[in-house]
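See structure below.
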Protein chains: 2
Amino acid sequence: MAKPPKEATIPTDPALNPASGSGASATEGAETQSKKGAKKAEAKAKKEAEKARKAAEREAQQAASGSGPSEDLAKENYGDITPTTTISAERVNLRKIGEEYLGKTVKVRAWIQNARMQGAKMAFVELREEGNWTIQGVVSASAEGKPVSKQMVKWIGGLKLESFVAVEATVQKPLEPVKSTKVSGYELHLVKCYLVASAPEVLGLGLGAASRAVGSLAEEEEKGETASAATAVEGLSINEGTPVASLATHLNNPAMHKRAPVSQAIADIRIAVEDYFCEYLRAHRFKKFHPPSLIGAASEGGANVFKLPYFEKEAFLAQSPQFYKQFEIAGGRKRVYCVGPVFRAENSNTPRHMTEFIGLDLEMEIEEHYHEVMHMLEGVLLHIFKGLSENYREEIELIRTIYPSEEFLLPKDGHEVRLTFAEGQALLRAEGPPEFKDVKDNEDMSTPQEKALGALVRKKFGTDFYVLDKFPVDARPFYAMPDPANPEVTNAYDFMMRGQEILSGGQRLHLPHELEAMIRRKGLDPNQPGIKEYVDVFRSVGVPPHGGGGIGLDRVVAWYLNLPSVHLVCDYPRTPKRLSP
Amino acid sequence: MAKPPKEATIPTDPALNPASGSGASATEGAETQSKKGAKKAEAKAKKEAEKARKAAEREAQQAASGSGPSEDLAKENYGDITPTTTISAERVNLRKIGEEYLGKTVKVRAWIQNARMQGAKMAFVELREEGNWTIQGVVSASAEGKPVSKQMVKWIGGLKLESFVAVEATVQKPLEPVKSTKVSGYELHLVKCYLVASAPEVLGLGLGAASRAVGSLAEEEEKGETASAATAVEGLSINEGTPVASLATHLNNPAMHKRAPVSQAIADIRIAVEDYFCEYLRAHRFKKFHPPSLIGAASEGGANVFKLPYFEKEAFLAQSPQFYKQFEIAGGRKRVYCVGPVFRAENSNTPRHMTEFIGLDLEMEIEEHYHEVMHMLEGVLLHIFKGLSENYREEIELIRTIYPSEEFLLPKDGHEVRLTFAEGQALLRAEGPPEFKDVKDNEDMSTPQEKALGALVRKKFGTDFYVLDKFPVDARPFYAMPDPANPEVTNAYDFMMRGQEILSGGQRLHLPHELEAMIRRKGLDPNQPGIKEYVDVFRSVGVPPHGGGGIGLDRVVAWYLNLPSVHLVCDYPRTPKRLSP
């Protein structure tokens, strides 16, 4: 027994298809197998499984009516879990199964990733835990002295995909390594199996489709496509090509979208980016704080701000923690950072935009020059990139099987690439596409300009990460510090990844009279609501020079991995069209 | 030279008053000094300082008009900082000043905590950096060969409190330890001093008042009191008693409120609580995620929810990450946590309530029993209390000089105190105040009941931290799992600190038909907007049993330290009456 099923008899679950790339199992699949052979085999397997299920149903009915051909001696060992169900074996996580458990009986809790009958007396299941830890489970009614009945085997073989089970099993070595599961050197021989929570007959999104690259990014399609993708995925053979589900279908089926190993890998990398950010800043004596989301006035001019009734007044949702970071500096905190949501009421339906996103923000005192801040920001981002590259190889490679990307190029140590805005525009004029022959040094860059410049920088300097410094005054908000040597540009910068902005920052005006003058130059009134409260802080005490920056968490992850959209990174993306789930 | 000024001649700055409790200096002050003597001395010092300032002004005017009595040979060494100002000495943080810097020239950047003339040729300043690192600075025009002029001394002696300066100075040992500063064994002999940012003539809140316990907690008083507190603090002698400022005055002067060492200590402890929370959960394989703040429907019944226009639709602000934590579990993440703002549109003006606050939330799969979750929550909180008690002694003691508190009592290791709700009510009936003689087992507790029970538990079990388990079904939301042994109570609990709730949690219903039945029992419709999307997730896949809890970050800090209000903990508290700054 325990010989793993041959590739050709492998099942209807799309997650096992190498082409679907669902985790480690996908890359280990039988790549030599022809599509035709597979199709045939798969059709046969399907037929068999269907036959077996029907037989099991018949038998179960007979058993229930007391007219069964044989008494079920194992009826205590399977079925729906109850409050009195007990499995007394040692609980082991799938990732821990190894030589020391060989021959032992263990307790496992896992999802049914696949289940099928092999003849009438044997069933194979694939069990999954913690993202993509999968193992083959076998149950057989033919073994002597085992408390397994035919009815039990059939019940297990008919379990619905993505149900959750609790299992007692002995750990055995398979005759050949199991190619379709991550744990290939061991398999589980089931002696008890209880259904903790059943999945429905039809999944809204199968694990196979959830594990493929998203198709359409357009939210408009969401209505029609959900249903068709659902039936299509479940009904189709993997070898005819698991259907591609749209981003909308993914997001409308959060549980299945998140269960795909690729989603879990992206989520894990997102956590790592945030953790590396905090770790680096804590090590550099930054202190965390929490700015408010609810504010009393639209702070930065009033455009693109969400407004809401607030008891007898009105409130706004903060577009950035900018003012509050500066209040912390005024409050003597020297170096601060924060991680939290910011809100933009912007009707932008692009793969770069969300109406709510997580900002990684910092602000610090400047001692001599604002490049101290720039250096800190380069430092924290390089720390993040280094951490990912050293500790998240497996996740990155897994994601690449689904979303291919070239390695993210970094500048040589200590040779960070910094261009001034004017240098960038000059490079675009000289070597960029013809449409950018006349770009101006005092006008902000468009997204296509940024991307073209990113390509030029990659070619010239061999890096996907660089800084664009000294933005023109007209492209920056009123709190940006002008360059003392050239008041038409600012001590403010953007950081770029693969030609797209991921960070905006700079030195801020810290003297109240200079701040007031710039506010007026921008056509605003230093005493208007929302701005007065801000300027008042600088009037109220002496505030040292300071600067900072804000990083878009999802953009860093998306552009590092070359994903098609930040909506694949954010846990629950919010767009003008999406507020749910 | 360099003998520190005698206590009796000490200055007008309220921050130096032992009674004001502003950091280490406060507890080291001359407690033996009589109030009367101090008053007299202080008045004398004030007069002297005023005389000196006037003389300095006269001289400065004479110097400016070229008719000065003496040329200012030090004019390059002081004044407003300019882009070309340089101090080439080694930059040293005040906390690093020690034996190895004795006799060396260093660069320091700091706030002027105090400045005063001593005669016409000498000035003393108190410099502050990083919360409460203070050191005495001395500048004297009488030393031979030093580039210090009388004009420079007078300019330094007249610097406004809470201005920010850059200084070059040599580190010296004072003749006697300086009692009024945290660094008592060294002082700085200034040779250069540049004003980086000046404070105004009058502060809205002096450091002395900012360092005292807040007076009134009522937000209503905020208008009138700000001004009177401001002038009162600046004008009054510390020994007549630094005036008390209301909470509103504190919050209206964020920069000065935050500069007080007590505020910085509270902020540091708040960060520590959050960090310990995350550290413990990461070590237990929890994964972070970010729930959205903007949601498409009022999820938990619709009361107390902020609503806002959202493009052509409407949106709501999430009251908790509850549903999203559960979606993560459904998505196979096993154990998750999140830290972020939640919103309550509740018109509660109490020291316990805010309309926006930071929640520390977790959710995890349950393997056998929901007490696994309770145990994890006890574990993370005990980890926090242990961390604070071991590593934040200095901060706790500093805070206690201003907000006295008894030590926070913990249960003996492994003997956590858990009462059922019914046991708690029985204890109240038997041993509580007479008004609680008839409390019922199926009715939720009021705040006074909770506090009375907390006092009883402290007396009986010697702990300020305990769990109240098995709340009645009617006191819990629809997603709470009923106790299989007694369907009138739930597998849900509150955690209490000093008799006040800091955490609510429990096991959740994970099977869709049970969830639907409970939703109906609560008089809601499982298919109404906001609830349907939630139930759909449980219909869409098999979801294992799970539970969790949500901790109010500011409450943990406030009740641990016995502070009078969570508004003293939150960085920028939001209440029905406060949205700014």
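Assorted remarks:
- Rounded to the nearest 20 debye, dipole of segment A:506-581 from Cβ charges on Lys, Arg, Asp, Glu: 260 debye
- Think of segment B:428-581 as having a plus end and a minus end, set by charges on the Cβ of Lys, Arg, Asp and Glu; of B:P477, B:F436, B:T575, B:T575 sits farthest toward the positive end of this dipole.
- Reducing segment B:117-141 and segment B:482-506 to their Cα centroids gives an inter-centroid distance of 56 Å.
- Here the average projected area of the convex hull drawn through the C-alpha atoms of segment B:257-347 stands at 8.7 nm².
- Distance cut-off 33 Å, percentage of C-alpha pairs in segment B:262-568 lying past it: 23 percent
- Shielding by other protein chains, B:569-575, mean Cβ within 10 Å: 5
- For the listed peptides B:349-356, A:164-171, A:307-314, B:110-117, a ranking on the average number of other beta carbons within 10 Å per residue, highest first, reads B:110-117, A:164-171, B:349-356, A:307-314.
- Centre separation in Å (Cα based) which lies between segment B:306-359 and segment A:551-581: 20 Å
- Chain B Cβ-axis minimum, rotational copy A, residue and distance in Å: B:L308, 2
- Pairs of Cα atoms nearer than 8 Å and 6+ residues apart set the relative contact order; for segment A:335-470 it is 21 percent.
- Too-long pairs where the Cα-Cα distance tops 20 Å, listed order kept, from B:K287/B:K325; A:K307/B:K325; A:K386/A:K459; A:K334/B:K107; A:K96/A:K179: A:K307/B:K325; A:K386/A:K459
- Efficiency of FRET between A:H375 and B:E431 - r from beta-carbon atoms, R0 60 angstrom, step 0.05: 0.40
- Using a 7 Å projection from Cα along Cα-to-Cβ, the label point at A:S88 is separated from the same position in the remaining copies by 8.3 nm, smallest value first.
- Label sites at A:E394 and B:S389, each approximated as a point 7 angstrom past Cα along Cα to Cβ, lie 3.8 nm apart.
- From least to most packed, judged by other beta carbons within 10 angstrom and beginning with the fewest, A:D438, A:D72 follow the order A:D438, A:D72.
- Rounded to two decimals, the Cα radius of gyration of segment A:355-462 over 2.2 N^0.38 Å is 1.31.
- Packing, as the average of other Cβ atoms within 10 Å across residues, places the peptides A:456-462, A:409-415, B:186-192, B:419-425 in the order B:186-192, B:419-425, A:456-462, A:409-415, highest first.
- Distance cut-off 20 Å, percentage of C-alpha pairs in segment A:466-574 lying past it: 51 percent
- A simple packing score, the average count of other Cβ atoms within 10 Å per residue, orders the peptides A:245-258, B:391-404 as A:245-258, B:391-404, with the highest score first.
- Note on A:322-334: average number of Cβ atoms from other chains within 10 Å of each residue's Cβ is 5.
- Sites A:K160 and A:S405, calculated FRET efficiency, Cβ-Cβ separation with R0 45 Å, nearest 0.05: 0.80
- Extension gain, A:E443 to A:N304, is 47.9 nm, computed as 0.36 nm per intervening residue step minus the present C-alpha separation.
- Remark: B:S142, A:S320, B:S149 ranked as B:S142, A:S320, B:S149, counting other beta-carbon atoms within 10 Å and listing the fewest first.
- Note on B:S348/A:D413: beta-carbon distance plugged into 1/(1 + (r/R0)^6) with R0 of 51 Å gives a FRET efficiency of 0.40.
- Number of partner chain Cβ atoms within 10 Å, mean per residue of B:197-206: 3
Laboratory data are not the source of any read-out in this text; all were calculated from the coordinates shown. Not measured: the values here are computed from a predicted model. Don't worry about glycine lacking a Cβ; one is built from the backbone with ideal geometry, like all the others, and counts go over all protein chains shown.
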